């Protein structure tokens, strides 16, 4: 089973980021990928070990100077958008 370390970032570190992380973990189960994740606030993402960062468009635009891919989600309630953007990472197609 593939493993993916995901960092979900929002303004306060709970609520939006936690909901997004839970949705990513649900998608991981769908594609036989174990998602190991952490939800954090915008001021705490740096220095954390992750394969992927997921955040709303507003927050993602503020995550700079990193080699970790950042997935920007326009509508965090849209599970189809999330699945479309994260699918290649869950399946190992990237």
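The values are calculated or read from the model by the stated rules, or taken from the named source; none is laboratory data. Just so it is clear, the model here is predicted, and its values are computed rather than measured. Backbone-built Cβ (ideal geometry, glycine too); neighbour counts: all protein chains shown.
Within region 1-19, work out how many residues are within 21 Å of residue 67 (Cβ to Cβ), modelled with pLDDT under 95 and within 13 Å of the chain's Cα centre (by Cα).
Matching residues across region 1-19 total 1.
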Check off (1) modelled with pLDDT of 95 or more; (2) out of contact with any helix residue (DSSP H, G or I) (no Cβ under 9 Å at 6 or more places or on another chain); (3) surrounded by fewer than 17 Cβ atoms within 10 Å (Cβ to Cβ) for residue 60 and give me the number that stays unchecked.
(3)
Residue ID - farthest from residue 15 (Cα to Cα), chosen from residues in region 63-72 that are in contact with a helix residue (DSSP H, G or I) (Cβ under 8 Å, 6 or more places away or on another chain) and not in a strand (DSSP E or B)
69
Please work out which one of (1) over 11 Å from residue 4 (Cβ atoms); (2) touching a helix residue (DSSP H, G or I) at 6+ places or on another chain (Cβ under 7 Å); (3) in a helix (DSSP H, G or I) is the condition residue 75 fails and give its number.
(3)
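Looking at region 5-29, which of its residues are without any contact (Cβ under 8 Å) to a residue 24 or more places away in the chain and assigned to a helix (DSSP H, G or I)?
Listed by number, the residues that qualify are 18, 22, 25, 26, 29.
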Hey, could you check region 36-52 for residues that are without any contact (Cβ under 8 Å) to a residue 40 or more places away in the chain and in a strand (DSSP E or B) and say which is farthest from residue 4 (Cα to Cα)?
41
